[in-house]
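Novice: What follows is a single structure, and I will ask about it in a moment.
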Amino acid sequence: MNKFLIAAVLATAGALSTQAQAKLQVFACEPEWGSLVQELAGDKIDVDVATSALQDVHQIEAKPSLIAKLRRADLTVCDGAELEVGWLPMLIQQSGNQKIASGAGSFMAASQIVTLEKPTQLDRANGDVHPEGNPHVQMDPYRMLTIAKALDARLAQLDPANAAAYQQRFADFSTRWNAAIKRWTAKAAPLKGRNIVVHHNSWIYLTTWLGMHEIGSLEPKPGVPPTSAHLASLIDITKSSHTLAIVRAAYQDPKASNWLSEHSGVTAVSLPFTVGGDAQSKDLFGLYDSTIDKLLALTKSPSP
Amino acid sequence: MRRSLLTVCVMFALAAPVFAATPPTQKKIQQLEARIKALEANAAAMQKQTADALAALQATRAEVEQIKAHQDTAIAAAQTAPAESAAIAAAPPQTAPAGANGNAFNPAMSVVLNGAYAHGSLDPDRYYRAGFALGGGSGPPAQGLSIAESEVALSANIDEKFYGQLILTAQNDKSQDHIGVENAFIETTALPNGFGVRAGRFFSDIGYLNSHHAHTDNFYDRPLAYQAFLGSQYGDDGVQLRWLAPTPIFLEFGAEAFAGNNFPSGGAAHSGVGVYTGFVHAGGDIGDDTSWLAGLSTLHSKAKGAEDGFSGDSKLYLADGTLKWAPNGNLKDGGVTLRGEYFVDDRNGLYTAPAELQLGQSAFDQTWNGQRRGGYLEAVYRINRTWEAGYRYDKLWADRTGPYASEFDPSRNSVELSWLNSEFSLLRLQFSRDVPNPFNVDNILTLQYQVALGAHGAHAF
């Protein structure tokens, strides 16, 4: 039995080690980072995206398939700020891949910028708080640009042979991105000063950028499911604040936001939140286009 | 400014000894002058560091200004963008590590608290399991109120090559507190090509449940097969070699050697290495909704006077399978977990009755050659974020001959309902109908709490 096992191990090892891997293997924890790294590297790399826009990235199962993907990764690109704390450390440990455990092979987006909502008090009585601040940074285009620049440098560091290509692609991306920021900011002008109620506190970067206000959250505390008592108190706030919308991410259960919508008369809207969250969000540009379009559409409909 | 302050301080410090000016004091003064010089140099270096940091900050600012220059100044520049850019620029991109006090490198610490009320309809003293020995984590749950296993876990990277973990458990057994070392191991983190080595005390990676800590279980107690063949969970002092194959599906091979102090082995007559294991685990996805994990394992032991009176060669074979289904894989919002494990236990040796059963002078030995089997199937339905319900069927197949000969095969049915307040706390109500022998039925009701404090642990699949 043991001899057979050893023979099988060696045979598999031999067969597989002959496959040389030329391209940089990137493991992106969330679709937005898969999309960003694709913008910056194109076909110079292979990307595995661990999660989809229809999954709650706080609560991913440490699936065996993800261990297999991490085993071959040269670089992980993730949100960081403990967003993936419930699954990524376990996966990295099980993958035994020292390249991505820390150092150059581990790229955390939230570590490249200043996060918002850094808690002053760490107490789980306040829900699932993230000590390093709000990790949902992907909806601020300026922060995205800073992150893109740092990620580009990381790609060049890990794959110097293609450094020139990465540099050129970043230059191209930042030109297009800056042009898009101009467009989005102009287009989103009517959203400034408007109030929204959110499902989970994942929109602070978007609202800060566009000058919108988050006046309430369906989750009384992050990660704590909505309770009926809390929802009842939210009805008044939502009704009385000339609220534009009740916003949830594509992956969130629509029940709570629809319930509040029925009782307050304010429209509930599902925003893509990340690449793949709706049909239009095929890449980062589409994600921003779709998000702003969906919010703008609500400013045109008669509000209660 | 800083320099003069320093000098004043030093002068003050010097003042007292100067009154008693003796030759050694002269020497001291010289030493102190040398120290002042060193401190001044230090201060200068710090000034330079500050200047460097300022320069870096300015560079970052300039960079952001550049980015800002790209954007249309006409659009809302005065309203949102400047605030935003300033916010990004307010600190260097990499967060500086927290102050270098002695606690900065403390290991991650987490505490699991676990307690229960259990009531069984059968008197525990009358409980016996036909065909199988009890003891060592096997048998009905303790009656009444108790803390089940509560534990403290400490873990951290030791350096760039090793990771370490210590788990201490507190248990109450027959009104006696026991502090136990559940895990104390080191593990390599930097071996190439998917290899990993672990050494110390740890739970064997055979089967599915064995390597999982009890607080991640879906039921209050372990399946009968785990109780009967592994004393609930086999952990021991040993070494492990693992290899993760570079395949598109998850494929892991491993082998372990253990001291063999614990059931199903026992005694130290095997020069300290009495248990060998081997295992293969494979897993993958079926579409977006379904994930699976399966394994084959074996445990070979040379036992000498094990808890069940066995001495000789025992071979245990396990097959395990897990299937998780949830729309888009969001299992926490609703989904189903199916799991089953099957055990075959082969004995070839001698049975010696425990001392208290030996009547008269002569030890009453008999040969023990036989096979017993066991298994369980469980299904857990996650209703939503807060509720979960599960059913488990347990079965053991006894040996018809040998020292534990029985014509009866024990079985058990269990249902559970869990209320999960958050990721960190749950209450569980469980009812089990246990039929351990042909003459008794034990209806067991348990109400359990289970919480996790401290470091946010990540759970394996």
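Novice: Could you give the length gained by full extension between A:HIS213 and A:ALA179, i.e. 0.36 nm per residue of separation minus their alpha carbon distance, to one decimal place?
Specialist: 9.7 nm
Novice: Which is farthest toward the positive dipole end of the range B:110-454 among B:VAL380, B:TYR208, B:GLY370, measuring Cα position about the Cα centre, with Cβ charges +1 (Lys, Arg) and -1 (Asp, Glu)?
Specialist: Of the listed residues, the answer is B:GLY370.
Novice: Please compute the modelled spin-label separation between A:ASN258 and B:ILE158, points set 7 Å along Cα→Cβ, answer in nm with one decimal.
Specialist: A separation of 5.5 nm, rounded to one decimal place.
Novice: Cut-off is 10 Å between beta-carbons; in what order do B:LEU429, B:LEU154, A:LEU218 appear when sorted fewest neighbours first? Write out the running numbers ahead of the final one.
Specialist: Working: B:LEU429 15, B:LEU154 18, A:LEU218 25.
Fewest-to-most ranking of B:LEU429, B:LEU154, A:LEU218: B:LEU429, B:LEU154, A:LEU218.
Novice: Now, a different point. To the nearest µm²/s, what D does Stokes-Einstein give for the range B:110-454 at 25 °C and 0.890 mPa s, using the Kirkwood radius over alpha carbon pairs as Rh? Please list the in-between numbers first.
Specialist: Values: Rh = 21.3 Å.
Value of D from the Cα-based Kirkwood radius: 115 µm²/s.
Novice: Would you order B:ILE444, B:ILE286, A:ILE246 from fewest to most other beta-carbon atoms within 10 Å of each residue's own beta-carbon?
Specialist: Least crowded to most crowded, the residues run B:ILE286, B:ILE444, A:ILE246.
Novice: How large is the translational diffusion coefficient of the range A:105-183 in µm² per second when you combine the Kirkwood radius over alpha carbon pairs with Stokes-Einstein at 37 °C and 0.692 mPa s?
Specialist: 228
Novice: Could you compute the FRET efficiency for B:ALA379 and B:LEU241, with r as their C-beta to C-beta distance and R0 at 35 Å, rounded to 0.05?
Specialist: Efficiency, rounded to the nearest 0.05: 0.55.
Novice: Right, something else. Is any residue of the range A:264-284 close enough, with backbone N under 20 Å, to a label point placed 7 angstrom from the Cα of A:ASP293 along the Cα-Cβ axis, and if so, which?
Specialist: Residues passing the 20 Å test: A:268-284.
Novice: Report P(r) for chain A: all Cα-Cα distances, bin width 20 Å, range 0 to the bin holding the largest distance, values in whole percent.
Specialist: In whole percents, the pair-distance histogram is 31, 53, 15, 2.
Novice: Let me ask you something else. What list of ³J(HN,Hα) couplings, whole Hz, do you get for the range A:283-291 from phi and the Karplus terms 6.51, -1.76, 1.60, once you set θ to phi - 60° and write x for glycine and proline?
Specialist: 8, 4, 5, x, 4, 5, 4, 5, 4
Novice: Pop a pseudo-label 7 angstrom from the Cα along the beta-carbon direction at both A:THR120 and B:ALA199 and give the gap in nm to one decimal.
Specialist: Those two pseudo-labels are separated by 5.0 nm.
Novice: Which whole-number percent is the relative contact order of chain A (Cα, under 8 Å, 6+ apart)?
Specialist: RCO, chain A: 15 percent.
Novice: For q = 0.26, 0.27 Å⁻¹, what log10 I(q)/I(0) does the range B:221-271 give under the Debye formula with an equal point scatterer on each alpha carbon and no solvent?
Specialist: Ignoring solvent entirely, the Cα scatterers give -0.95, -0.97.
Novice: Note down the relative contact order for the range A:189-300 as a percent, whole number, built from C-alpha pairs under 8 angstrom at least six residues apart. Working shown, then result.
Specialist: Numbers: 189 pairs, mean separation 25.1, N = 112.
Worked out over the range A:189-300, it gives 22 percent.
Novice: Let me ask something additional. Between the range B:412-434 and the range A:102-156, what is the C-alpha centre distance in whole Å?
Specialist: 37
Novice: What residue among A:ASN126, A:ASN201, A:ASN134 has the largest mean-square fluctuation in a Gaussian network model of chain A, using Cα springs under 10 Å?
Specialist: The residue with the greatest mean-square fluctuation here is A:ASN126.
Novice: For the range B:129-184, what is one quarter of the convex hull surface built on the Cα atoms, given in nm²?
Specialist: Directional mean of the projected Cα hull area for the range B:129-184 stands at 5.6 nm².
Novice: Could you work out the per residue convex hull volume over the alpha carbons of the range A:189-300, in cubic angstrom? It would help to have the intermediate numbers written out before the result.
Specialist: On the way: hull volume 10.7 nm³, N = 112.
Measuring per residue, one finds 95 Å³ for the Cα hull of the range A:189-300.
Novice: Figure the gain on full extension for B:THR386 and B:LYS315 (residue separation times 0.36 nm, minus the Cα-Cα span) and round it to one decimal in nm.
Specialist: 21.4 nm
Novice: At 222 nm, what helix-only mean residue ellipticity would chain A give, in deg cm²/dmol to the nearest 500, using -39500 (n - 2.57) for each DSSP H run of four or more?
Specialist: Mean residue ellipticity at 222 nm (helix-derived): -14000 deg cm²/dmol.
Novice: How large is the dipole of the range B:110-454 about the Cα centre if only Lys and Arg carry +1 and Asp and Glu carry -1, each at its Cβ, rounded to the nearest 20 debye?
Specialist: Dipole magnitude for the range B:110-454 comes out near 320 debye.
Novice: If we count other beta carbons within 10 Å of each Cβ, what is the order of A:ARG71, A:ARG124, fewest first?
Specialist: Least to most surrounded, the residues fall as A:ARG124, A:ARG71.
Novice: Looking at chain A as a GNM with Cα springs under 10 Å, which of A:TRP203, A:TRP184, A:TRP259 has the largest mean-square fluctuation?
Specialist: Taking springs between Cα atoms under 10 Å, the residue moving most is A:TRP259.
Novice: Tell me the relative contact order for the range A:19-182 as a rounded percent, counting alpha carbon contacts under 8 Å between residues six or more apart.
Specialist: Contact order relative to length: 21 percent.
Novice: Along each of its three principal axes, how wide is the spread of alpha-carbon positions in the range A:19-182, in whole angstrom units, largest first?
Specialist: 49, 45, 29
Novice: Using 1/(1 + (r/R0)^6) with R0 = 22 angstrom and r between the beta carbons of A:ASP46 and A:GLN167, what's the FRET efficiency to the nearest 0.05?
Specialist: Efficiency computed from Cβ-Cβ geometry: 0.60.
Novice: Sticking with this structure for a sec: Give me the one-decimal nm value for the distance between modelled label points at B:VAL441 and B:SER175, 7 Å along each residue's Cα-to-Cβ direction.
Specialist: So the label points at B:VAL441 and B:SER175 sit 3.3 nm apart.
Computed from the coordinates by the stated procedures, all read-outs in this text should not be read as laboratory data. Note that the structure is predicted; figures quoted are calculated from it, not measured. For neighbour counting, all protein chains shown are included, and Cβ atoms are generated from backbone atoms with ideal geometry for every residue, glycine included.
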